Every structure is written in C-alpha cells, then in structure tokens.
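First comes the structure, then the notes that go with it.
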Amino acid sequence: MTTEQELFVRASSLTIREVVKDYGAHRAIHGVSLDVAPGEFVVLVGPSGCGKSTLLRMVAGLETISGGEVKVDGRVVNEVESKDRDMAMVFQNYALYPHLTVRENMGFSLSLRRAPKGEIREKVDAVAKILGLEAILDRRPSALSGGQRQRVAMGRAIVRQPRVFLFDEPLSNLDAKLRVQMRAEIKRMHQRFRTTTIYVTHDQVEAMTMGDKIVVLRDGRIEQSGPPLALFDEPANTFVAQFIGSPSMNILPGKMTGEGFLTDGGVLLAADTSKTQARFYGVRPDDVTVSREGVEAVVTILEPFGSETLIGTTLGDAEFTAVVRERVALEPADTVRLLPNSQRTHLFDERGVRICG
Ligand SMILES: Nc1ncnc2c1ncn2[C@@H]1O[C@H](COP(=O)(O)OP(=O)(O)O)[C@@H](O)[C@H]1O
Ligand SMILES: [Mg+2]
C-alpha cells in the first residue's frame, strides 16, 4: 500500500534571478527576481497581461528565457527541458485526456515513465482517496463536473510527486461557489504535502487567502512582495494599495497644508502635517465611518449587503467609498458626514510611493 507519508516529496527551493522575457521587440518581463523557499506557497498576482503566465512558463521550461537565471535547489535550469525539471503545472483548462478514464489520466505520467502497474495503481488509489475521487475513477472526463475535472487535474499532478507545483489561474473557469471550495482544498492539499508552489491569479482575494507570500506584478515588474497582511496594511505604493483589498482603497490627490491634507476638490482631511511631500491621501472604505465629526460628502449609490452597507459618494470632486457595519437611512443625493479612521490612513508622494500611514 502506498501510504500518505510516501507521497510526500522533497520540496525544492526556487530562485529567479533578474529574469527577462522578450517577445521580439516587446519586453514582457523586465528583470524579475524572486526566492521561493522549500515548501513555500507563493502567489503571483496582477492584472491581465502583466506577465504572470510568461514568468510561470519560463519557470516550467515551456518558454525560453531571454535573460537571467532560474535555479532549482541552487542549480541553473535555463537549458533543462521542461520534462526534466520535475515540476507539475495545472492550468485553467484542465487538459485531461478525453479518451482516458480518471484512473488512466491520473496514472498517465507514471505509465510514460514505465513505472510498474502495481505501483501506479497504488499511488493513484492513495491520491484519489485524499481528493475524494475514488467513486469516479472509471469515468471519463466528459462525465465529470467542472470541480471534479479540476480535482482530477490536481490529482494527476500530485501522483507525479513533483518537486514544484505551478498553477496558472486554475480556478478561473469555475463558478463562484466552487471557486471558494477549491481554494480551500488547494490550500489544505498544500498544508498536507508542503510541495513548493507558485500559484498565478488575477484575483486578489485568491491571493490574499491562499499565499504565504504574495508577489504583485505590473507590466512585467514586481511592485511589492511579502505576506498578504503586510501588503494590505503597508502597501508600497498606490498601485498595490488599490490592487489589494476590496473595495479598493480610496486615493485622493491633493497636497499637505498647515491644517491637514487638502484634496484637489477642496476638502480638508486630518493628517500628519509634517509630511509635506504628500500628494495622495489613502484610506480603505472599511476604515471610514458615518460620524458627525466627519467631512461632508454627497451620496451617489448605496449597496446594502446585509451585514454591511457600501456608501458610494462624491467628496469634493472625487469618488469616495465607505463600507459601514450599521444600517443607514440614506438615499442618493443625500449629504453624509464621513470620518476616516486617522490611525488607518496612508500618505503617498508624487510618484505614488507610500510615505507613511
Ligand atoms: N507568445 C507571445 N508572443 C508575443 N507576446 C506575448 C506572448 N505571450 C504573451 N505575450 C505578451 O506578454 C505580456 C504578458 O502576457 P502574459 O504572461 O500572458 O500575462 P498574464 O498571464 O499576466 O495575463 C502581454 O503583453 C502579452 O501580450
Ligand atoms: Mg495568464
């Protein structure tokens, strides 16, 4: 019998050094460096087209590397073929073989390696048990739900016992409910196997909830990397501040005066007046309350979620959002007084780099 213990692998370290990717004259990745420790779960997140898949595919060996190095356990693998890198990749389109059963799909890579039939059967059974796929081992992919297919694709990757797992937006094709379920499942799986993992997504919620470390990518460059809550609490710049967290952080342009931060729309907000270089003021919608001491804003939209209410407003000439826990008797065009929590505001300089907060 293959025990769960035997399925555990030696997780590798990954080192990405000044990696560059050029597609002809177009530079898609501009010298990215990143260290992934053995067993770590790193999420690469960023808007569509920022280079996430390109970077992942270079790590996997599916794309040539124009400059820099990718190392596995300290060894440069730039020239090593994909099949010899001992990594498994899971995509959003599950890429299962339609004519093979679940069992055959899961055992496929081991069959290719000419592993003994008994060993393949044992490993597939052990992984199927962990992922709850025992009852569907004889079915073909066409007879499976989206979630089951995704689980089989993962099972197939686990059976290979790779040193590194690479996920490229594996949940994008699933409906919202299933996505939340699979998110938890992938996380649990990682806690069990502790395989080094790079997980790509454009969804900041997935990034926040899944990663030990998040790397925010924009236009082929790293904007910031670190633990999820560190990025949330101390975003390096306005891009990360607005990308991480939902709804997005309010960012108001303006300047510091002797009295406080004066927005371009003429609203005065309490702030550390010693930070004279501040050009943007930021506060998350959750850190704003309705209060008599607040500044006047005009309500544009109300979105009651039940447990909380989103209040969209115009503050001076800028859009400004608050999310409050209490039920509010407000209507569009009403005036409301909003008070940012002064302990939770951020100031950024003219380049959008965070000064303090
Ligand atoms: N095969 C290719 N040929 C030319 N340009 C490409 C190719 N693949 C990706 N790109 C470009 O590289 C950039 C990054 O793409 P990609 O890595 O797919 O982004 P993401 O996965 O973050 O959405 C984009 O500008 C894209 O148009
Ligand atoms: Mg992509």
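The values are calculated or read from the model by the stated rules, or taken from the named source; none is laboratory data. Predicted model, so just to flag it, every value in this text is computed and none were measured. Here the Cβ is made from the backbone with ideal geometry for all residues, glycine too, and neighbour counts use every protein chain on show. The protein model used for the area step is the full one, side chains on, heavy atoms only, and it has no ligands, DNA or RNA in it. Shrake-Rupley method; radii C 1.70, N 1.55, O 1.52, S 1.80 Å.
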Filter result for the condition that a residue is in the same structural domain as S13 (by TED's automatic domain parsing), away from ligand 2 (no atom under 16 Å from the Cβ) and free of Cβ contacts under 8 Å to residues at least 40 places away in the same chain, over I214, I186 = I186
Of the residues in segment 49-92, those that are surrounded by fewer than 20 Cβ atoms within 10 Å (Cβ to Cβ), within 26 Å of R151 (Cα to Cα) and more than 16 Å from ligand 2 (Cβ to nearest atom) come to S82, K83, D84, D86
When you go through (1) basic (K, R); (2) away from ligand 1 (no atom under 12 Å from the Cβ); (3) part of a helix (DSSP H, G or I) one by one for R57, which number turns out not to apply?
-> (2)
Look at K117 and say whether it is open to solvent by 40 Å² or more (accessible area, probe 1.4 Å) and assigned by TED's automatic domain parsing to the domain that holds M210.
-> yes
Provide a single number: the residues in segment 262-281 that are assigned to a loop (DSSP other than H, G, I, E, B), open to solvent by 70 Å² or more (accessible area, probe 1.4 Å) and free of Cβ contacts under 8 Å to residues at least 60 places away in the same chain.
-> 3
Which residues, taken from segment 194-210, are more than 17 Å from Q150 (Cβ to Cβ), open to solvent by 10 Å² or more (accessible area, probe 1.4 Å) and touching a residue at least 40 places away in the same chain (Cβ under 8 Å)?
-> R194, H202, Q204, V205
How many of the residues making up segment 327-357 are surrounded by 19 or more Cβ atoms within 10 Å (Cβ to Cβ), in contact with a helix residue (DSSP H, G or I) (Cβ under 9 Å, 6 or more places away or on another chain) and not in a loop (DSSP other than H, G, I, E, B)?
-> 5
Exactly one of (1) hydroxyl-bearing (S, T, Y); (2) over 29 Å from the mean Cα position of the chain (by Cα); (3) at pLDDT below 95 is unmet by S274. Its number?
-> (3)
So which residues in segment 159-215 are in a strand (DSSP E or B), farther than 24 Å from L137 by Cα, within 16 Å of ligand 1 (Cβ to nearest atom) and not aliphatic (A, V, I, L, M)?
-> D168, Y199, T201
Of residues in segment 32-48 being more than 24 Å from R194 (Cβ to Cβ) and buried (at least 19 other Cβ atoms within 10 Å of the Cβ), the one farthest from ligand 1 (Cβ to nearest atom) | V32
